[in-house]
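The structure under discussion appears below in the form of C-alpha cells.
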Amino acid sequence: MTHSDNIEISTLTERPELADRLYDISDTWPEFIARDLVGYALLGRVPEEFPQYCVVATEGDRLIARGYSVPFDATLDGREEMPDRGWDQVLTWAFDDLRRGRPVTTASALEITIDVDHLGRGLSHRMLAALRDAVARQGLGALVAPVRPTAKHLQPRVPMAAYMRQVREDGLPADPWLRVHVRAGGTIEKAAAASMTVSGTPAEWRRWTGLPFDRDGEVEVPAALVPAHCDTRHDRVSYVEPNAWVRHGLRP
C-alpha cells in the first residue's frame, strides 16, 4: 500500500471491499472497445480471480483509478511472453492456466484506467509502479504490457511498428503512454498485430460510433488506432487493433 497526497494505492487483496466499485470511474474508453468478445467474457472476472494482480487508487472515499494484470505460463509449447494476438491472447491464457492449475511465469497488464478528473496529475505513473510492485510480490520476473498508445488514434494510417519508433528530441517515445512505460523502466519490444478484435454489423457500428458505415473499405473511427474495415455486401465491419508490447523486467 502506498500513500501520497491524499491518494492511497493498494492491491485489491488489501481492499476487497472496493471490488464492487471498480467501474464507478468516469473513463474515456470508446464504446467499441467494450465490444471485444474476449474482454466481454473474461475481463469482469479478473478482479475476483486475480485480486493480488489488481491495484486501486482512492482519494478519501472516492475510487479514482484501477489497474488490472493477469498471470500466465509463457513457457508452454506454442506460447510466448508477447504474442501477436496480444491482449486477447494473454487474457485467455491466464484463465486457461487458472482452470488447469498451472504454475505461472509472467504477468501481463490489461488496463490502467484513471478517472477523468484525475488525468494529468501523474497518477498513471504511480499506478504503473504499483502494478509492477504487485507482480514482483508474486515472485514473477516480468510484467509485459500490450500498450494502447494514447496518441496513436491521431495517426491511424501509420503502422504500429513504425509508430512505436517515433521519438522526441530527448530520445523518449513521442507517444505519452509509451513514454510513461519507458520512464518506469520498460522496453518497447514489438507490435502486437492483432491484440483485440471487434466485429459487428454496420448497424451496430453506427450505434457505437455515430458514423454512417454505408460504403465499402476503410473507415477512420474516432479513438480507433487503425481504420475499421466495412464490407456492406456481407453486412460486416471488422476492427483489428494493434498494440505495442512493452516489457518490464522485475526483481521478485
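The values are calculated or read from the model by the stated rules, or taken from the named source; none is laboratory data. Every value quoted in this text rests on a predicted model; they were computed, and no experiment measured them. Because the Cβ atoms are built from the backbone with ideal geometry, glycine has one as well, and the counts that use them run over all protein chains shown. Heavy atoms of the whole protein, side chains included, go into the accessibility calculation; ligands, DNA and RNA do not. Shrake-Rupley method; radii C 1.70, N 1.55, O 1.52, S 1.80 Å.
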**Message:** Under a Cβ-only charge scheme (Lys and Arg +1, Asp and Glu -1), can you give me the dipole magnitude of the range 33-128 about the Cα centre, in debye to the nearest 20?
**Reply:** 120 debye
**Fill in**
So VAL167 and ASP27, fully extended at 0.36 nm per residue minus their Cα-Cα distance, gain in nm 47.7 nm
**Asked** Which of PHE95, ALA136, THR187 sits farthest toward the positive end of the charge dipole of the range 71-207, with +1 on the Cβ of Lys and Arg and -1 on the Cβ of Asp and Glu?
**Response** THR187
**For the chain, the longest site-free run once GluC sites (Glu not before Pro) in DSSP loop states with at most 13 other Cβ atoms within 10 Å are removed** = 81-168
**Fill in**
With all protein chains present, the range 1-142 has a carbon and sulfur share of its accessible area (1.4 Å probe) in percent of 47 percent
**Prompt:** In Å, what Rg and Dmax follow from the Cα atoms of the range 1-64?
**Reply:** 13.0, 38
**Request:** Pick out, from PRO149, THR75, VAL104, the residue whose Cα sits farthest towards the positive end of the charge dipole of the chain, with +1 on the Cβ of Lys and Arg and -1 on the Cβ of Asp and Glu.
**Result:** THR75
**Item:** Average accessible area per residue (Å²) across the chain - probe 1.4 Å, nucleic acids and ligands excluded
**Value:** 48 Å²
**Request:** Would you mind working out the magnitude of the charge dipole of the chain relative to its Cα centre, with +1 at each Lys and Arg C-beta and -1 at each Asp and Glu C-beta, to the nearest 20 Debye?
**Result:** 500 debye
**Asked** Under the definition of Cα pairs under 8 Å and six or more residues apart, what whole-number percent is the relative contact order of the range 18-122?
**Response** 33 percent
**Residue among HIS229, VAL246, PHE213 farthest towards the positive dipole end of the range 211-252, charges placed on Cβ** = VAL246
**Prompt:** In debye to the nearest 20, how big a dipole does the range 138-201 give about its Cα centre with +1 on each Lys and Arg Cβ and -1 on each Asp and Glu Cβ?
**Reply:** 120 debye
**Message:** From the helices alone, meaning DSSP H stretches of at least four residues, give me the mean residue ellipticity at 222 nm for the chain, per-run term -39500 (n - 2.57), in deg cm²/dmol to the nearest 500.
**Reply:** -6500 deg cm²/dmol
**Fill in**
Between the modelled labels at THR197 and LEU76 (7 Å from Cα along Cα→Cβ) the distance in nm is 1.9 nm
**Helix 123-137 vs. the chain, principal-axis angle (Cα, 0 to 90°, nearest 10)** = 60 degrees
**Request:** Would you mind telling me the share, in percent, of accessible area of the range 150-205 contributed by carbon and sulfur at probe 1.4 angstrom?
**Result:** 57 percent
**Asked** Given the range 39-160 reduced to its alpha-carbon atoms as identical point scatterers, what log10 I(q)/I(0) does the Debye formula return at q = 0.09, 0.12, 0.13, 0.21 Å⁻¹?
**Response** -0.27, -0.47, -0.55, -1.25
**Request:** Considering only DSSP beta bridges where both residues belong to the chain, give the percentage that are antiparallel (nearest 5).
**Result:** 95 percent
**Request:** Using only protein heavy atoms and a 1.4 Å probe, report how much of HIS118 is accessible, in Å² to the nearest 10.
**Result:** 10 Å²
**Request:** Two decimals is fine: what's Rg over Rh for the range 96-222, C-alpha atoms, Kirkwood radius as Rh?
**Result:** 1.02
**Item:** Answer label for volume of the Cα convex hull per residue in Å³ (calculated), chosen among (1) 144; (2) 121; (3) 136
**Value:** (3)
